[in-house]
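Visitor: Here you go, one structure.
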Amino acid sequence: LADAVAINSAINAADKSHRWELALLLLRSMSGANTRSDAYSFSSAIGCLTWKFAFALLSNMQTREVNANLVCLNAAISACEKHGAWMEALDLLVRQFGDTTSFNTAISACSRARNWPMAIAILRVMARDNIAQDAISFRAAISACEGGNCWKEALNLLSEMESRQLRPETTGYNAAISACEKGSQWELALGLSARAQQQAVSLDVITFNAKIAACRSTWRTTQRLLSELCLQLLQLDEITYNSAICAQGHWRSAVTYLSEMANSGLWPDVITCNSILQTMQISGPKWH
């Protein structure tokens, strides 16, 4: 018969391959084979479940008299984060005192649910309770502000992060730039990009997409950004072309981008078509 170590390894493999049915089957087999399951067994299984099943498995641990450790807690909070179940994530934090990973994952759950006030509140609780805040804590909170169209809060968090000598990295700057884009603050978006470059933070296509979207009303700036993007040998995607088409003041330029998009093997989506039609209505030839 397989021992606990072998079955735990199999459950972990099932978790990594997202085969939750197999993970539960293996966990159930441990009781049938009189092999004692432990916290590691449950944490691996919890990792590939939806939050509702994760909660049920935590209750099952009590039935089997297995103490849920910090690894199990973090696995369950991660299950909540994947589905934006921020209230359930907070419920778990209330039940059991977590660590930095626990709180960071709860902030990410709030970010997925676009609940930026709660994300910032959790960040403040970490400081109050002397839970170490790291770069991930702040980046997750900035992402929550981006989803909530709160550019001022995003910039405040970015400044606070830098004052603590925590590096925002590309993802942190991208979220802050995107927040500025959604708040129609294109000059601030370009300023953040320059700030990132000064700190030797690499820019990716997501950065340029956010900047191009922010500068839609200034098509000359859009063209300059597209040139910069190409010079850095970054691959343009659908979002890049859609933002560029929206920024064009003339239908011929928009159609040119549509042609380039097709030549790159990219399919226009609904946003592309709507943008082309809008540009044609504004500046296209008139047929009577």
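The values are calculated or read from the model by the stated rules, or taken from the named source; none is laboratory data. Because the structure is predicted, anything quoted here is derived from the model rather than measured. Virtual Cβ from ideal backbone geometry, glycine too; neighbours counted across all protein chains shown. Just the protein is used for accessible areas: all its heavy atoms, side chains included, with ligands, DNA and RNA removed. Shrake-Rupley method; radii C 1.70, N 1.55, O 1.52, S 1.80 Å.
Visitor: Looking only at the range 51-87, filter to residues that are β-branched (V, I, T) and assigned to a helix (DSSP H, G or I); which one of those is least open to solvent (accessible area, probe 1.4 Å)?
Guide: I77
Visitor: Looking for whichever is of a type in the set (V, I, T) and closer than 18 Å to A89 by Cβ here; the options are T35, T63, T50. Which one fits?
Guide: After ruling out the rest, the residue left standing is T50.
Visitor: While we're here: Would you check if T218 is more than 23 Å from A141 (Cβ to Cβ) and touching a Phe, Trp or Tyr at 6+ places or on another chain (Cβ under 8 Å)?
Guide: yes
Visitor: Further question on the same structure: Please enumerate the residues belonging to the range 194-203 that are surrounded by 15 or more Cβ atoms within 10 Å (Cβ to Cβ), at pLDDT 85 or above and either among the charged types (D, E, K, R) or part of a loop (DSSP other than H, G, I, E, B) (or both).
Guide: R195, V201
Visitor: Being within 28 Å of the chain's Cα centre (by Cα) and either on the phi < 0 side of the Ramachandran plot or not aromatic (F, W, Y) (or both), is that true of even one residue in the range 27-35?
Guide: No - not one qualifying residue is present in the range 27-35.
Visitor: Does I245 satisfy being of a type in the set (A, V, I, L, M, F, W, C), modelled with pLDDT of 75 or more and either crowded, with 18+ Cβ neighbours inside 10 Å or over 28 Å from the mean Cα position of the chain (by Cα) (or both)?
Guide: yes
Visitor: With the structure loaded, tell me whether T240 is at pLDDT 75 or above and surrounded by fewer than 22 Cβ atoms within 10 Å (Cβ to Cβ) or whether it fails that test.
Guide: Answer is no for this residue.
Visitor: Let me ask another. If N130 passes every condition in (1) open to solvent by less than 40 Å² (accessible area, probe 1.4 Å); (2) under 19 Å from T100 (Cα atoms) but one, which one does it miss?
Guide: Going through the list (1) open to solvent by less than 40 Å² (accessible area, probe 1.4 Å); (2) under 19 Å from T100 (Cα atoms), N130 breaks only (1).
Visitor: Quick test of your reading of the structure: L24 fulfils all but one of (1) open to solvent by 20 Å² or more (accessible area, probe 1.4 Å); (2) in contact (Cβ under 8 Å) with a residue 12 or more places away in the chain; (3) assigned to a loop (DSSP other than H, G, I, E, B). Name the failing condition by number.
Guide: (3)
Visitor: Among the residues of the range 27-50, write down those that are assigned to a loop (DSSP other than H, G, I, E, B), open to solvent by 40 Å² or more (accessible area, probe 1.4 Å) and more than 23 Å from H83 (Cβ to Cβ).
Guide: Of everything in the range 27-50, those that are assigned to a loop (DSSP other than H, G, I, E, B), open to solvent by 40 Å² or more (accessible area, probe 1.4 Å) and more than 23 Å from H83 (Cβ to Cβ) turn out to be N34, R36, D38.
Visitor: Just need a number here: residues in the range 141-168 that are among the hydrophobic types (A, V, I, L, M, F, W, C), in a helix (DSSP H, G or I) and open to solvent by 10 Å² or more (accessible area, probe 1.4 Å).
Guide: Number of matching residues: 2.
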